[in-house]
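Some notes on the structure that comes next.
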Amino acid sequence: MLGRTAVMLLIVGGAASAVVATSGDDAHTAATAGGDQADGVVGCADRAEPTRRPRGRGNLTVGPVTFLGLRRAARASRRDFTRKRGGYLGWKSGIVLRADTEVTVAAAKPDRRVLKLDYSGTGGMPVKAATFTACPRDEPAFSHDGTVGGHTGFAGAFLVAKRRCIRLRISIAGRPKPAFRTVSFGAGRCRGRTPARGRRVARARPSAQGSSTRTIAAW
């Protein structure tokens, strides 16, 4: 594989934690874990080093994948996000995979239109769905003597159209069904499902003459 090598900071919830990453070929649409279709493919050559076993209460772990600092995004203010082209807000979160595993990450419908992934290996273009493939445990490391080891890390960020709760769809290769997790991006605690389009929802309001309904903004 022909690729590009660059010096990069892997920033986790606003704090730098790694200094080297590589970027491989431009992303191509591919059939991926769980049968999902991904816009971007992020592979072993796109990793950040060094990557250690992820720890910390601020992380979100689903099976073999950990999203570093993603839980901290719930209480983030607008200034904690990075402003991106098109008005998107970026929350930097390294992704760490166990060796020899593959996952596809995307927003669940109907949130997919308001979330993008911007990770090394996606050709510099944010995508709506990306497949991440970890290195083999014995893959030679490029930043030190020895091998990559039990975990592979990728630098990048989630981009959201605005601060909100978004349901992530995480498809893990070898598992028949995807996992779903609702993540708050600067929206505090998520209570149930948040409509992606800010549509108006009818709710019942009792009155002296029986029940009536009123329409209120979901956002």
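The values are calculated or read from the model by the stated rules, or taken from the named source; none is laboratory data. Remember, it's a predicted structure, so these values are computed and weren't measured experimentally. Note that each Cβ is placed from the backbone with ideal geometry, even for glycine, and that neighbours are counted across all protein chains shown.
In the stretch 52-70, the residues that are touching a residue at least 24 places away in the same chain (Cβ under 8 Å) and under 15 Å from V183 (Cα atoms) form Cβ pairs under 7 Å with partners that are buried (at least 21 other Cβ atoms within 10 Å of the Cβ) and among the aromatic types (F, W, Y), at six or more places apart or across chains, as follows: L60/F67. Checking each residue in the stretch 135-145 for being under 17 Å from R98 (Cα atoms) and either surrounded by fewer than 16 Cβ atoms within 10 Å (Cβ to Cβ) or among the hydroxyl-bearing types (S, T, Y) (or both) picks out P136, R137, D138, P140.
Within the stretch 136-168, the residues that satisfy the criterion of being more than 21 Å from P54 (Cα to Cα) and under 11 Å from the mean Cα position of the chain (by Cα) are L159, V160, I166, R167.
Selection within the stretch 102-114: residues that are under 15 Å from A38 (Cβ atoms) and of a type in the set (A, V, I, L, M, F, W, C). The member of this set that is surrounded by the fewest Cβ atoms within 10 Å (Cβ to Cβ) is A108.
Taking A134 as the residue in question, decide whether it is of a type in the set (A, V, I, L, M), touching a strand residue (DSSP E or B) at 6+ places or on another chain (Cβ under 6 Å) and under 21 Å from R83 (Cα atoms). No, not satisfied.
Check the stretch 115-134 and report whether any residue there is at pLDDT 95 or above, surrounded by 19 or more Cβ atoms within 10 Å (Cβ to Cβ) and in a loop (DSSP other than H, G, I, E, B). Looking through the stretch 115-134, at least one residue is at pLDDT 95 or above, surrounded by 19 or more Cβ atoms within 10 Å (Cβ to Cβ) and in a loop (DSSP other than H, G, I, E, B). With respect to the conditions (1) touching a helix residue (DSSP H, G or I) at 6+ places or on another chain (Cβ under 7 Å); (2) modelled with pLDDT under 90, W91 falls short on a single one, namely (2). Restricting attention to the stretch 146-184, which residues are surrounded by fewer than 17 Cβ atoms within 10 Å (Cβ to Cβ) and within 20 Å of R47 (Cα to Cα)? Selection gives G146, T147, G150, A173.
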